[in-house]
Amino acid sequence: MLDDIKKDATTRMQKCVQVFMADLKKMRTGRAHPSLIDHLKVDYYGNDVPLQQVANISVEDARTLVVSPWEKPMVQVIEKAIHKSDLGLTPMTAGQVIRIPLPPLTEERRRDITKVVRHDAENARVSVRNVRRDVLTDVKEMLKEKMISQDDERKAQDEIQKLTDRHVAEIDQQLAAKEKEILQV
């Protein structure tokens with residue numbers, strides 16, 4: 001029974017870390033990377049689908065993304081979706097290929113992005129701690145209902161704390177790597 005609770009905690013904490021890492025991929029660092037725009041939704045014959053399902057996204061050079069739609073009518077739709085996004089990118093269409101130049105980041109913008117990344121990391125840490133709180137509440141309930149002993153409860157608390165520390169450390173490690181990448185000129 002305690003094993004199930006620990007597995008659940010591990011799964012939920014890992015999801016918190018994965019969400020944080022997905023958010024980091026969407027952060028613009030001055031270098032072109034397909035993950036900057038692959039999450040964008042485009043209107044494909046009445047349905048909103050991810051951009052990567054209607055076009056090929058590649059990197060032309062360090063500061064340019066190239067989007068090659070599989071169907072010619074999708075060029076305008078994709079261009080419109082990129083304009084609407086809050087990424088501040090300006091696509092340039094050349095026939096059936098859309099080029100997206102990434103402007104270089106200023107020092108001030110780099111610092112702003114770093115603040116946002118730190119805020120996201122703190123939110124991820126809070127999410128992990130919330131999972132810990134929920135799981136510890138479940139363990140205390142089991143103790144109250146005499147399903148486990150006090151020794152088991154203490155052991156479970158220690159193990160859950162170790163899980164929490166491990167996932168928070170993983171978040172901190174990802175944060176440090178992203179900050180280094182952002183501040184690198």
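A short reminder: the numbers here are calculations on the coordinates, not readings from a lab. Every value quoted in this text rests on a predicted model; they were computed, and no experiment measured them. Using ideal geometry, Cβ is built from the backbone for each residue, glycine included, and neighbour counts are taken over all protein chains shown.
Mind giving me the FRET efficiency for Lys162 and Thr114? R0 is 25 Å, r the Cβ-Cβ distance, nearest 0.05 is fine. Each step should come with its number before you reach the end.
Values: r = 30 Å, r/R0 = 1.18.
After rounding to 0.05, the efficiency reads 0.25.
Which of Gln53, Ile113, Leu102 sits closest to the plus end of the dipole of the range 13-133, meaning its Cα is farthest towards the positive end, when Lys and Arg get +1 and Asp and Glu get -1 on the C-beta?
Ile113
Any idea what the relative contact order of the range 36-101 is, in percent, if you count C-alpha pairs under 8 Å spaced at least 6 apart?
On the way: 100 pairs, mean separation 18.3, N = 66.
This gives 28 percent for the range 36-101.
Mind checking the angle between helix 2-26 and the chain's longest principal axis? C-alpha axes, 0 to 90 degrees, to the nearest 10.
Approximately 20 degrees, to the nearest 10.
Quick check for me: using +1 on Lys/Arg Cβ and -1 on Asp/Glu Cβ, what's the dipole size of the chain about its Cα centre, in debye to the nearest 20?
Values: 32 positive and 31 negative charges, 82 e Å.
I would put it at about 400 debye.
If the cut-off is a Cα-Cα distance under 20 Å, which lysines reach Lys15, setting aside same-chain residues fewer than 8 apart in sequence?
Lys6, Lys7, Lys25, Lys26, Lys162, Lys178
Please tell me the relative contact order of the chain in percent, rounded to the nearest whole number, where contacts are Cα pairs under 8 Å and at least six residues apart.
Working: 206 pairs, mean separation 45.4, N = 185.
RCO, the chain: 25 percent.
Quick one: which residues, 5+ away or cross-chain, put their amide H under 5 Å from the amide H of Thr64? H built at 1.01 Å from N.
Correct list: Ala32, Leu102.
For Cα pairs less than 8 Å apart in space and 6+ apart in sequence, what is the mean separation divided by the residue count of the range 97-177, i.e. the relative contact order in percent?
On the way: 24 pairs, mean separation 31.8, N = 81.
Result for the range 97-177 is 39 percent.
Taking 30 Å as R0, compute the FRET efficiency from the Cβ-Cβ separation of Glu122 and Lys41 and round it to 0.05. If you can, show how the numbers build up before the last one.
Numbers: r = 28 Å, r/R0 = 0.92.
Taking R0 as 30 Å, the efficiency between Glu122 and Lys41 is 0.60.
Counting other beta carbons within 10 Å of each Cβ, put Val77, Val128 in order, fewest first. Before the final figure, lay out the partial values.
Working: Val77 18, Val128 26.
Starting with the residue having the fewest Cβ neighbours, the order is Val77, Val128.
I want to verify a result. In a Gaussian network model of the chain, Cα cutoff 10 Å, which of these has the top mean-square fluctuation: Val131, Val117, Val49?
Judging by the Gaussian network model, the answer is Val49.
Calculated FRET efficiency, Gln53 and Gln173, Cβ-Cβ r, R0 41 Å, to nearest 0.05?
Details: r = 32 Å, r/R0 = 0.78.
Result of the calculation: an efficiency of 0.80.
With a 10 Å cut-off between alpha carbons and a GNM built on the chain, which of Gln150, Gln52, Gln76 moves the most?
Of Gln150, Gln52, Gln76, the Gaussian network model singles out Gln150 as fluctuating most.
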